[in-house]
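The structure appears below as structure tokens.
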Amino acid sequence: MPDSTRPLPPHVTAADLESLADRTRRLLDGARYLNLATVSQEGRPWVATLEYAWLGDPPRFLFGSTTSSQHSRDIASSPRVGGSLFLSGGSTGLDIAAVDGAQFTGTCSEIDAADLDRYHSFFYKAVLPDERQRAQWMLPQSSLRQPAEHRIYLIEVDQWWLIDTRTWEQDRIDRRIELPVADFPRRDAVSSSV
């Protein structure tokens, strides 16, 4: 719900914010992958497609990767990241009402060993909801600490934009509208502890 004590961005109503928060939740729950953009120390851009779990209040993403991957090496040298999520709306035809997408910026870091207990179970339950698959594929915490190569990473989102659908049907201009992170959807009680 929008915070009524905070001034609204220009040209955005409280109803707009509620709609944007609802769309954000649908997108976060419906998209299976996010695209994560990083930049190397030498200035080379990179984009990785990753499975994720999301947390609200404050908005965060969790993903798993190896420390030797290009994006992990980039994050180690420069933690600023950008990314996107997208719902295509189906496999045939163009259903504008079903298509949606978002971009974000944030800061990314490895989950340190002290915080691994907080995130490990939540991450694997989110990306592997089937218990049998989770039992088969979930890495134990010992495989997510040095000297092992796998890690869970945390992105702290500082800005979030959605496709601005308010005028697209009239003028076909692809705009974005920002949902302030203070209005980002909350998660249920399961994730409130992380």
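Numbers for the structure displayed
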read-out: Relative contact order computed over region 14-191 (Cα-Cα under 8 Å; 6+ residues apart), in percent; value: 27 percent
read-out: Mean ellipticity per residue at 222 nm, deg cm²/dmol - from DSSP H runs of n ≥ 4 across the chain, formula -39500 (n - 2.57); value: -7000 deg cm²/dmol
read-out: The chain shape via C-alpha gyration tensor axes, a/c threshold 1.5; value: prolate
read-out: Coil-residue GluC sites (Glu not before Pro) of region 124-186, DSSP, other Cβ within 10 Å capped at 13; value: GLU149
read-out: Helix axis angle, 14-30 relative to the chain longest principal axis, alpha carbon, degrees; value: 40 degrees
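Since every read-out is calculated from the coordinates, none of them should be taken as a lab result. Model, not experiment: these values are computed from the prediction. So basically every Cβ, Gly included, is an ideal-geometry build from the backbone, and we count neighbours across all protein chains shown.
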